[in-house]
2 protein chains.
Amino acid sequence: MTYCLAMMMDAGLVFAADSRTNAGMDSVSTFRKLHVFETPGERLLVVLSAGNLAITQAVMAMLSEGAPDDRDAKTLLTVETVYDAARLTGDALRRLHDRDSKYFSAHDIGFNASFIVGGQIKGGRMRLFQVYAAGNFIEATPETAYFQIGETKYGKPIIERVLTPKLDLLSAAKCALVSLDSTIRSNVSVAPPIDLLVYKRDSLAVSTRQWVKDDDPYFNAVRGKWGAGLRTLFDTLPQPQWAVEVE
Amino acid sequence: MTYCLAMMMDAGLVFAADSRTNAGMDSVSTFRKLHVFETPGERLLVVLSAGNLAITQAVMAMLSEGAPDDRDAKTLLTVETVYDAARLTGDALRRLHDRDSKYFSAHDIGFNASFIVGGQIKGGRMRLFQVYAAGNFIEATPETAYFQIGETKYGKPIIERVLTPKLDLLSAAKCALVSLDSTIRSNVSVAPPIDLLVYKRDSLAVSTRQWVKDDDPYFNAVRGKWGAGLRTLFDTLPQPQWAVEVE
């Protein structure tokens, strides 16, 4: 399993992903799921990937090097808009599906992969997309300005409560860490290090990228205070006044 | 969808369930999912049900009236132990599966149902079981002293943080309401009223049963303070010190 998250605010974008990959319980390893395509001053595109690792790696190869047998194929360093980046990702998925799905079916393996694609290219606006396994995609809007892929449920409530278009980038990064922490606590197939990237609108370059390990002092301060704070908050909620005999 | 929850503490048991049932998006109704079998001073058994309503109602009928074509069949008012109550529930599921599953298959309907069974019978100890669709079951222990069925993920983190064997019954009921609220906020197929029952160990009777509607003043106080408190707690977490240029 995997948990990836991207949030769009007026100030910019925040991307985060865990790094655990497993094929069964006894084959657990660490892979990056956050992929950066950057030409500083000209473009910054980020792709988050979830699903079958053979599929996502094949798609990332096409996005980096162009589709095979097509010397003129676009890559994420040459597409002209973020919309085209999402379309290229969907096209790569469809090309792979055409080529591989019959072998997957023969082995009873589902064609399981999804992506989040976001960023900004000079002359265009900042955009964020989610690309489904079928190659179709949707775009984030101010009303729903985030996407999650993989194990999405545990980490959703904090985003719903905190994310607004006005949220500053560092608070959004903090929100991403809390969301990842909630998921990591609940699902053993999601684990640190956390790959985290902050993009400031119109900067056309990475603002910061952090590889947050399990012993990261800031991450541990956040999760320690969050856990203790939740417990304290729970204790301060009013008790019910129902007539229950309590010795 | 459904969300049901039961917790076992030294002091007793707390059961809670939402009440929304839906067959497709345009057929939404209210059904109780918390079923009580009580002979005050002799037994208190509670069954929580999730899954296909036709299956769960048929199982509940067998638990109330005995299996058809068997005049001597046990019911939850005559079984001798809580363990036997769990076994009777599993047996009812298997009997139903034997009778109905070929018709379900013919209509591509999955045999989807699960139950939580708990309580106490005079002379025995308080116990809590989860019964799967296959009729097999597991028992709660002090290390993992709760069960959830239905839409379980959103409401799990607060239980993991709060539940201990020493938790008092009213705090556990409060925890159940927070857990239900988190789920209701995130999944439209889970909705109030919330059916909530508190059982005090060795009392062999219902301590309190509450039918918590959407406009319940206590429920609204809890969810209002919880939401505001989470937001305040988030704001008080330390900000990251990464070098991100923030105008």
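In this structure, does A:Ser101 turn out to be in a helix (DSSP H, G or I), open to solvent by less than 30 Å² (accessible area, probe 1.4 Å) and touching a Phe, Trp or Tyr at 6+ places or on another chain (Cβ under 8 Å)?
The answer is yes for A:Ser101.
Search region A:202-216 for residues being open to solvent by 50 Å² or more (accessible area, probe 1.4 Å) and more than 10 Å from chain B (Cβ to nearest Cβ), and hand back the single one that is farthest from A:Val46 (Cα to Cα). Spell out how you get there, then give the answer.
Applying the first criterion (open to solvent by 50 Å² or more (accessible area, probe 1.4 Å)) to region A:202-216 yields A:202, A:209, A:211, A:213-215.
Pick out the ones that are also more than 10 Å from chain B (Cβ to nearest Cβ) and you get A:202, A:211, A:213-215.
Working: A:Asp202: 15, A:Trp211: 15, A:Lys213: 21, A:Asp214: 23, A:Asp215: 26 Å.
Out of the qualifying residues, it is A:Asp215.
How about region A:217-230: which of its residues are within 7 Å of chain B (Cβ to nearest Cβ) and open to solvent by 80 Å² or more (accessible area, probe 1.4 Å)?
Selection gives A:Lys225 alone.
In region A:161-170, what residues are more than 7 Å from chain B (Cβ to nearest Cβ) and of a type outside the set (Val, Ile, Thr)? Please lay out each step first, then the result.
The first filter runs over region A:161-170 and keeps only residues more than 7 Å from chain B (Cβ to nearest Cβ), leaving A:163-167.
If the condition is that a residue be more than 7 Å from chain B (Cβ to nearest Cβ) and of a type outside the set (Val, Ile, Thr), then A:Leu163, A:Pro165, A:Lys166, A:Leu167 are the ones that fit.
When A:Thr152 is tested against (1) of a type in the set (Val, Ile, Thr); (2) away from every other protein chain (no Cβ under 11 Å); (3) under 19 Å from A:Lys33 (Cβ atoms), only condition (2) is not met.
Annotation note: of A:Arg94, A:Arg127, the sole residue that is touching a residue at least 12 places away in the same chain (Cβ under 8 Å) and over 30 Å from B:Gln241 (Cβ atoms) is A:Arg94. Strands (runs of 3 or more DSSP E) fully within region B:134-247 that include at least 2 residues being touching a residue at least 60 places away in the same chain (Cβ under 8 Å) and in contact with a helix residue (DSSP H, G or I) (Cβ under 6 Å, 6 or more places away or on another chain): B:194-200. Of all the listed residues (A:Phe129, A:Phe147), the sole one being at pLDDT 95 or above and open to solvent by 10 Å² or more (accessible area, probe 1.4 Å) is A:Phe147.
Looking at A:Asp195, is it of a type in the set (Asp, Glu), more than 10 Å from chain B (Cβ to nearest Cβ) and open to solvent by less than 30 Å² (accessible area, probe 1.4 Å)? Yes, satisfied.
Quick grid of which residues meet (1) within 22 Å of the chain's Cα centre (by Cα); (2) under 30 Å from B:Asp181 (Cα atoms); (3) modelled with pLDDT of 95 or more:
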position: B:Gly41; (1), (2), (3): no, no, yes
position: B:Asp72; (1), (2), (3): no, no, no
position: B:Thr81; (1), (2), (3): yes, no, yes
position: B:Asn112; (1), (2), (3): yes, yes, no
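The values are calculated or read from the model by the stated rules, or taken from the named source; none is laboratory data. Treat the numbers as computed from the prediction; the structure is a model and nothing was measured. Using ideal geometry, Cβ is built from the backbone for each residue, glycine included, and neighbour counts are taken over all protein chains shown. Keep in mind that these areas ignore ligands, DNA and RNA; they rest on the heavy atoms of the full protein, side chains included. Shrake-Rupley method; radii C 1.70, N 1.55, O 1.52, S 1.80 Å.
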